[in-house]
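Q: Pasting a structure here, questions to come.
The values are calculated or read from the model by the stated rules, or taken from the named source; none is laboratory data. Just so you know, these numbers come straight off a predicted model, no measurement behind them. Virtual Cβ from ideal backbone geometry, glycine too; neighbours counted across all protein chains shown. With ligands, DNA and RNA removed, areas are computed over all heavy atoms of the protein, side chains included. Shrake-Rupley method; radii C 1.70, N 1.55, O 1.52, S 1.80 Å.
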Amino acid sequence: MAGTDPAADDPTSAADDPPPAGDLPRDPASAEATADTIAQLRTMLADHAAGRLPSDLWQASEPAAGTGEAVASPEPVPPGSEPAPESVPARRSAPAGGPVPTGRSAPDPAGVPAAEEERERAREIALQQLSFSARSRHQLAQAMTARDVPEPIVTELLDRFEQVGLIDDAEYAAMLVRTRYRERGLARPALAQELRRKGITGPPADAALDQIDSGDERAAARDLIARRIRSMGEVEPAKRRQRLYALLARRGYAAAVAVSVVDEALAAEGLNRY
């Protein structure tokens, strides 16, 4: 406070009345305040500067309108724990009943984690699919889209999976062609159709199909027919031939290859006269 307080030269009063904090305004009524009242005002001022009280500090201590009751003052803070008023930045006032702004926005517990939760859900779906067997990028995208994962998150996740090698359409296509050819005897047209169903086309599909040449196809067709003839029993010759043709057609073999291989197998069995 500007000027000199006459009580400062009185040694008896110095031990009783603590000095005022900063430039705390004092009117004639406050000049007669007790030491406890001054300490309370200092505490309220420090709380206000620290953002622990609303900006209408002085009105808050007056009687509430229409009630005649005074609003309770905050509990005093132990001496020495309050920050200096001039060192605390000004705070914005908050709406009545709301939190006091602190200058930093707290994380939104509802909005901030939402995108990460979607990413985690997408990862779980994709990893579950891959735990059963290898999958193409297209298959994983279909699985996540069917579970309503947003398209941007699907793309982001699949790009990341490709970077770390969890999905590789070229490798998957090559493996699929070898497996289907060996286990089911599929010809190139049928293999190409299956790759398209998995969403694999273009260079990855072409490179995978190049593993099977015409000689391989014919060898697979002969093996299919030989096994089927042994299991046909006493089927009449006309139906036997028809069923063998249909078998190779379902596996993707051209008609010329089917006729040639079937006739060759029936001749070896002594049945080509039918």
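Q: If we scan the range 212-231, do we find a residue that is surrounded by 14 or more Cβ atoms within 10 Å (Cβ to Cβ), free of Cβ contacts under 8 Å to residues at least 24 places away in the same chain and over 30 Å from Arg137 (Cβ atoms)?
A: yes
Q: Tell me which residues, restricted to the range 181-211, are in contact (Cβ under 8 Å) with a residue 40 or more places away in the chain and within 18 Å of Ala258 (Cα to Cα).
A: Within the range 181-211, Arg184, Gly185, Leu186, Ala187, Arg188, Pro189, Ala190, Leu191 meet the criteria.
Q: Which of the residues that make up the range 236-274 are of a type in the set (A, V, I, L, M, F, W, C), at pLDDT 90 or above, open to solvent by 30 Å² or more (accessible area, probe 1.4 Å) and assigned to a helix (DSSP H, G or I)?
A: Ala246, Ala249, Ala255, Ala256, Val257, Val259
Q: Could you tell me whether the range 84-99 includes any residue that is at pLDDT below 85, of a type in the set (D, E, K, R), in a helix (DSSP H, G or I) and open to solvent by 50 Å² or more (accessible area, probe 1.4 Å)?
A: Yes.
Q: Name the helices (runs of 4 or more DSSP H) wholly within the range 113-202 that hold at least 3 residues that are open to solvent by 70 Å² or more (accessible area, probe 1.4 Å) and over 29 Å from Ser214 (Cα atoms)?
A: Here the list reads 137-146, 151-164.
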